[in-house]
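The values are calculated or read from the model by the stated rules, or taken from the named source; none is laboratory data. All values derive from a computational prediction rather than experimental measurement. Counting neighbours? That spans all protein chains shown, and the Cβs are built from the backbone with ideal geometry, glycine included. All accessible areas refer to the heavy atoms of the entire protein, side chains included, with ligands and DNA or RNA removed. Shrake-Rupley method; radii C 1.70, N 1.55, O 1.52, S 1.80 Å.
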Amino acid sequence: MKVKCKTRIPIICITILLNVSIVKAQQNTAKPVLLSKGFWLKGDLHVHSRHSTESSNNSIAKIINFSKSVKMDYVCITDHDNHVNGDVEHHTWADPEFKSDSLLLLYGAEWTTTRGHGNVFSDKPYHHKRLFDVRDERDVNIGKVKKSLNIHLSANHPSGKDNFGFSYDLVQSIEVWNSSVWPKNTNAIMIWDDMLSSGRMMTGRGGSDAHHGVPTGAEKPSANTYQAEYNYVGTPTTWVFAKEKNLTSIVDALTKGKVSVSSNPFAPRVEFYADADEDGKFEMMMGDNAISKGKPVKFLVQLSGNTLPDVDYTITIIKNGKKLDTYHAKGEIPMVQFEDAPETKGRTYYRVTVEGINTPYPQVPKSMALSENMVALSNPIYFNFDPKF
């Protein structure tokens, strides 16, 4: 890029040149981070089958086959427990279609109560009716049952209909991106930032909350069939960095915040790293926590997967709930590197949002318009947080 200057304003000219050089360095000098001790797995953590009575044309087999067709690694079918009096074990999980030779199927359900909804995620079958039976009790009693079941509990659509109305100390994650309709999640992000700012290392995750599939064979369309074109499996997609390709590693990664969310399975995945020990290597990733030394820390944001080569992605850095800075990046692996010094006293967290033109999702063709410019978001990197909060 060339900048022409008039001799009577050399100082302004030098300033422009310096700014151009800095932005270029932020985007082009960093090398991509390639993680070798784990796997990025993508899936959907909130889908309803025919065992949720208000769903239509959405058998378990259809969900599984569709998920496999768009290269999902895992899915959690979260049917409403109140439709089967809490007995999902003998309905959703006992369905002969609840099996796959390649797609990892988490055990879960949507905990449907008068105080809102939450999702359960587990790597093995658990006695869900015990949680269902205490849904109207005090939070302290619910917490005891949850702990005894050894399950991951997540707050669903916290700012929408049937918002989560329990203590957030009961949950390990929060659904910050519900369905393809991005604008309705603004208040969910605000709640998440409130929880993070108060010291909770709480994972942000997505979920399509899809209820309706496309009719096949002898099936007849319902009044809600049209929804499958706008919102279905993968809108949005939740990525987890798992140590192994198994259910236990997926739940563990979700609990530890090794997670990012993209608008659909074909959209790029945002990854967020930090070099806190100043050794030139980005040893921290989303979900990690370190003690601040009061010195500037180098951070790296990169987009991996199906990036659109001509799209100029807008990368916004959020620090403690407020915008720290905004950058632009493009190319095969768009990257941005920046520095900031976390406070030595008090907590600091950083997270990332990515905006731009969304990657097409032909299987759910009208979802991109509803996601608008929102492409992806990261989970935080933490400093001075108490893991025993």
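Structure above, values below:
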read-out	value
Pair list, Cβ < 8 Å and 6+ apart or interchain, from the range 107-131 residues that are over 11 Å from Gly86 (Cα atoms) to residues that are part of a helix (DSSP H, G or I) and among the acidic types (Asp, Glu)	Pro125/Glu89
Those residues of the range 286-298 which are of a type outside the set (Ser, Thr, Tyr), on the phi < 0 side of the Ramachandran plot and surrounded by fewer than 22 Cβ atoms within 10 Å (Cβ to Cβ), in sequence order	Asp288, Asn289, Ala290, Ile291, Lys293, Lys295, Pro296, Lys298
Residue in the range 241-257 that is closer than 24 Å to Leu303 by Cβ, in contact (Cβ under 8 Å) with a residue 60 or more places away in the chain and assigned to a strand (DSSP E or B) present	yes
Test for Phe272: is it modelled with pLDDT of 95 or more, farther than 16 Å from Gly356 by Cβ and open to solvent by less than 10 Å² (accessible area, probe 1.4 Å)	yes
Any hit, the range 223-234, residues being hydroxyl-bearing (Ser, Thr, Tyr), in contact (Cβ under 8 Å) with a residue 40 or more places away in the chain, open to solvent by 20 Å² or more (accessible area, probe 1.4 Å) and over 26 Å from Val375 (Cβ atoms)	yes
Qualifying residue in the range 108-125 (condition: open to solvent by 10 Å² or more (accessible area, probe 1.4 Å) and under 18 Å from Ala210 (Cα atoms))	yes
Residue ID - surrounded by the fewest Cβ atoms within 10 Å (Cβ to Cβ), chosen from residues in the range 165-197 that are in contact with a Lys or Arg (Cβ under 9 Å, 6 or more places away or on another chain) and of a type in the set (Ser, Thr, Tyr)	Ser197
Of all residues in the range 258-289 being in contact with a Leu (Cβ under 7 Å, 6 or more places away or on another chain) and assigned to a loop (DSSP other than H, G, I, E, B), the one that is nearest to Ser100 (Cα to Cα)	Pro268
Answer residue from the range 302-358, given it is open to solvent by 30 Å² or more (accessible area, probe 1.4 Å) and among the basic types (Lys, Arg) and is nearest to Val270 (Cα to Cα) among those	Lys330
